[in-house]
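> Sharing a structure with you now.
The values are calculated or read from the model by the stated rules, or taken from the named source; none is laboratory data. Here the structure is a predicted model, which means the values were calculated and not measured. Positions of Cβ are backbone-derived with ideal geometry, glycine not excepted, and every protein chain shown enters the neighbour counts.
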Amino acid sequence: MHILVTGGAGFIGSCFTRMALADALPGLEGARITVLDALTYAGTTTNLTTVLGSPRLRFVEGDVLDRHLADDLVREVVGDPAGGAVVHFAAESHVDRSIADAGAFVRTNVLGTQTLLDAVLRAGRGRFLHVSTDEVYGPVDVGGAAETDPPAPTSPYAASKAAADLLALASFKTHGTDVVVTRGSNTYGPHQFPEKLVPLFVTTLLDGGTVPLYGDGLNVRSWLHVEDHCRGIALALTQGRAGEVYNIGGGTELTNTDLTDRLLAATGRSRSAVVPVEDRKGHDRRYAVDIAKIARLGYAPQVPFEQGLASTVEWYRTRRDWWEPLTRRAVAEPARTASRRSR
Ligand code: NAD
Ligand code: TDX
């Protein structure tokens, strides 16, 4: 199989690429991967250093909004004699940035997804897996959102992802495109850009700084290790039914305060390192998904949270070479979102 992985230089897409090339994703053994990534502030080829020499990997720097490039790459992967597919990770992914400026979110997440769907339609075959998020359901008071629950997104980020989900499903219903959508929970692990809670707090605490806890700290998130997320995506890609949505969760629900306490313990810092700050605008209280549907395909999270968090903290402790250049860059150009980067 030949897979076009958009956003393959980012956090989850690069994990998917590394795992696929290590034959660690059941059903995708031997797959060839073409990564398409614009190398925005969130993408770096250093996430692919260990696999860049693989004869099964090709890296293409480019934008999912580039219709001609999308046509060429999609045609190439679906024309592979072993079959081809698109796994679409590329997105603007940080909620706070979408609150500050939603434009890049609409361009990449909505128009970019439609550009790829059009390319698949023109190619006439090939599965399109859209990597979406539990945030499209909006806040969930009790229990877990089921795939049949209607989208009710709150933030501009979540609204752009919900729009992309609906466009992907519309392509299935209208044109019969072979579309599958996954909706994953908050994902953590190595190689995550230090702006999301876990990597921001870990790197700041390791540096002796203070971390900003929004509002009362009691918002609840459900945590999913990045390798479990990738295994779920691979399962939906190989076993999922066309036109269907699959939630992917990790099962560990924590308030932000609980999670922060664990990160303080893991980095040897005290509560005085936590600064309560003004709440995020429109801050969703709780996300949670019901994973019964993908469990019926054989999915179960494999990484125990304590183990996954400990190894993630250890990764950041030992990989300053990875994150220090990124944090320096972010300090120099904080508001830059969709701009190109040199490698
Ligand atoms: P990320 O921000 O780490 O990576 C995004 C990647 O997409 C980067 O490599 C970036 O350079 C690339 N990109 C951005 N705009 C592009 C464009 N116009 N053309 C080509 N490439 C572009 O994101 P992530 O955390 O790895 O998330 C990947 C996907 O998973 C996203 O679609 C996100 O919505 C979804 N998701 C993320 C989480 C999470 O907790 N991180 C949870 C559920 C779903
Ligand atoms: O500095 C912070 N302080 C803080 O209290 C940050 C960055 C976050 N928070 C809170 C807000 C959330 O309740 O921590 C929680 C997690 O925040 P983020 O890491 O920004 O994640 P979230 O907003 O929940 O969204 C994430 O999960 C779903 C990803 O960013 C999305 O890409 C994914 O779709």
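Yes/no matrix, rows are residues, columns are (1) under 30 Å from Arg107 (Cα atoms); (2) more than 15 Å from ligand 1 (Cβ to nearest atom); (3) modelled with pLDDT under 95:
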position	(1), (2), (3)
Ala242	yes, yes, no
Tyr246	yes, no, no
Thr252	no, no, no
Arg271	no, yes, no
Glu314	no, yes, no
Arg329	yes, no, yes
Arg336	yes, no, yes
Arg340	yes, no, yes
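> Is one or more of the residues making up the range 181-190 surrounded by 21 or more Cβ atoms within 10 Å (Cβ to Cβ) and part of a helix (DSSP H, G or I)?
no
> Considering every residue within the range 64-79, establish whether at least one is surrounded by fewer than 17 Cβ atoms within 10 Å (Cβ to Cβ) and among the small types (Gly, Ala, Ser).
yes
> Examine the range 117-135 for a residue that is surrounded by 21 or more Cβ atoms within 10 Å (Cβ to Cβ), touching a Lys or Arg at 6+ places or on another chain (Cβ under 8 Å) and hydroxyl-bearing (Ser, Thr, Tyr), and state whether such a residue exists.
yes
Residue by residue, here is whether (1) surrounded by fewer than 18 Cβ atoms within 10 Å (Cβ to Cβ); (2) within 16 Å of the chain's Cα centre (by Cα); (3) among the aromatic types (Phe, Trp, Tyr) holds:
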| residue | (1), (2), (3) |
| --- | --- |
| Asn219 | no, no, no |
| Trp223 | no, yes, yes |
| Leu237 | no, yes, no |
| Gly243 | yes, no, no |
| Thr257 | yes, no, no |
| Val275 | yes, no, no |
| Pro304 | yes, no, no |
| Gly308 | no, no, no |
| Val313 | no, no, no |
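> Residues to consider are Leu73, Leu57; find the one that is within 11 Å of Leu4 (Cα to Cα) and within 14 Å of ligand 1 (Cβ to nearest atom).
Exactly one residue qualifies, and that residue is Leu73.
> To continue, here is another question. Count, please, the residues in the range 80-116 that happen to be among the hydrophobic types (A, V, I, L, M, F, W, C), free of Cβ contacts under 8 Å to residues at least 60 places away in the same chain and surrounded by fewer than 24 Cβ atoms within 10 Å (Cβ to Cβ).
Selection size over the range 80-116: 4.
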